[in-house]
Structures are given as C-alpha cells and as structure tokens.
C-alpha cells in the first residue's frame with residue numbers, strides 16, 4: 001500500500017520571478033499546508049554525503065572545502081549540461097526528505113497539501129501530484145522581480161530565466177495556470193479562487 005494514499009498533492013511551480021512564492025503564501029493563508037522544496041533543498045546542502053558527491057563533480061565551486069552557493073549558481077545557470085548534472089545529484093536527496101515530510105503530514109490528518117517546487121518537472125516529482133498549478137508572468141516583470149529580490153547582475157538573471165522551461169511548457173503541463181501580470185490584489189484573487197476550487201475538487 002502506498003504510504004501517501006489518501007493525501008492529495010498539488011504541485012506548485014513556475015519560472016523564477018513569476019510570483020510562485022507569493023502564490024504559496026496565499027495558498028497557506030487559505031488553509032492549505034505548503035511544503036517548500038527550496039527550504040528542503042537548503043537543508044540538503046548541509047548533508048555530508050551530498051557535499052562529497054558535489055565536490056567530485058563541482059570542485060570549482062568549493063573554496064577550502066566549503067560549497068560556494070553563488071559560484072555554483074553562476075556555473076549551473078550558464079551551462080545546461082552542468083545544470084542537468086547538478087539536478088541528478090541533488091534531486092534524490094530532496095525527494096527523500098520531501099517524502100518524509102509528506103508522510104508526517106498525512107499522519108497528522110492532512111488530506112490536501114501544496115508542494116511548492118520550482119523544479120517540479122525537472123526532478124520528476126510531478127508524478128506524485130494529483131494536479132499541477134503553474135505561475136507565469138511577462139518576461140520583463142520576472143526579470144525586474146529577480147533583480148530586486150536577489151540583487152544579482154542582470155546578465156545572471158537573464159541566464160537564470162533562459163535556463164528554465166518556457167511559458168508554453170508550463171501551460172501544456174498544468175491543470176491550473178495563474179497569470180501574475182497585474183496588481184497584487186488581482187493575483188491574490190486568482191490564487192484564492194484556485195484554492196477554493198482545489199478544496200472542492202479534492203473534498204478537503
């Protein structure tokens with residue numbers, strides 16, 4: 001028997017800067033628990049076995065045995081092949097931790113959760129989702145948000161966006177598409193309406 005039987009998982013994803021984190025906060029405020037895969041990934045960066053694998057593949061991103069996250073980001077977002085290799089190393093660690101969290105949520109009586117995962121499709125974890133919600137936004141808005149949020153050079157922000165899937169990719173693979181191209185109030189209303197629809201659809 002699947003240990004997650006009875007738990008409906010909704011994947012939340014989209015391109016960097018589109019507003020996925022804002023959507024995640026609104027879903028949580030609407031009463032749907034959220035598992036933040038970015039936070040899980042940050043925890044993985046401290047696992048000795050993961051660091052050992054990384055040091056053999058990305059030795060140029062280490063300084064005196066310490067993984068330099070900014071250097072790693074600059075490397076993987078400018079090289080699709082190395083980005084893929086990074087994913088192959090980190091995704092199994094992230095997935096293992098996520099399954100543990102999901103099992104705990106189910107045991108606590110939860111029936112519906114949002115899996116906030118920027119690399120939902122790349123990791124293959126979309127296979128456990130009963131539905132997928134994607135957040136999209138115009139390129140110039142995504143770029144501006146990344147620059148304001150992360151304080152990185154425009155070239156790095158552009159590389160980050162170009163390394164990700166296209167808007168059409170998300171549209172074709174999602175049950176719900178949230179367009180974040182207007183005011184915060186408009187976007188909030190769209191997310192809240194989707195939250196209500198998800199609760200009704202999955203009887204949660």
Rel. contact order, % - alpha carbon contacts under 8 angstrom, at least six apart, the chain: 39 percent
Candidates 24, 183, 130: whichever shows maximal mean-square fluctuation once the chain is modelled as a Gaussian network with Cα springs under 10 Å: 183
Within the chain, helix-based [θ] at 222 nm, where runs of 4 or more DSSP H residues each add -39,500 (n - 2.57), nearest 500: -17000 deg cm²/dmol
Length gained when the stretch residue 38-residue 196 is fully extended (0.36 nm per residue, less Cα-Cα span): 54.4 nm
Choice from 21, 134, 162 showing the highest fluctuation, given a GNM over the chain with Cα pairs closer than 10 Å: 162
Among 115, 67, 178, residue whose mean-square fluctuation peaks in a GNM of the chain (springs only between Cα atoms under 10 Å): 67
Spin-label model distance (nm) - residue 152 vs residue 99, 7 Å beyond Cα toward Cβ: 3.0 nm
The range 173-204 versus the range 92-136: alpha-carbon centroid distance in Å: 18 Å
Linear extension gain, residue 179 paired with residue 140, 0.36 nm per residue minus alpha-carbon span: 12.7 nm
Gyration tensor (Cα) of the chain, equivalent ellipsoid semi-axes in angstrom: 29, 23, 13
Rounded if a/c under 1.5, otherwise prolate or oblate - the range 60-143, Cα gyration tensor axes: oblate
Cβ-derived FRET efficiency at R0 35 Å, residue 59 paired with residue 110, nearest 0.05: 0.25
All-pairs Cα distance distribution in the range 1-88, expressed in whole percent, bin size 5 Å: 3, 10, 16, 19, 16, 14, 13, 8, 2, 0
For 45, 184, 161, order by how many other beta-carbon atoms lie within 10 Å, fewest first: 184, 45, 161
Virtual spin-label span in nm between residue 80 and residue 186, 7 Å along Cα→Cβ: 3.3 nm
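Where a number appears in this text, it was derived from the coordinates with a stated rule and is not lab data. Values in this document were obtained by computation on a predicted structure and should not be read as measured data. So basically every Cβ, Gly included, is an ideal-geometry build from the backbone, and we count neighbours across all protein chains shown.
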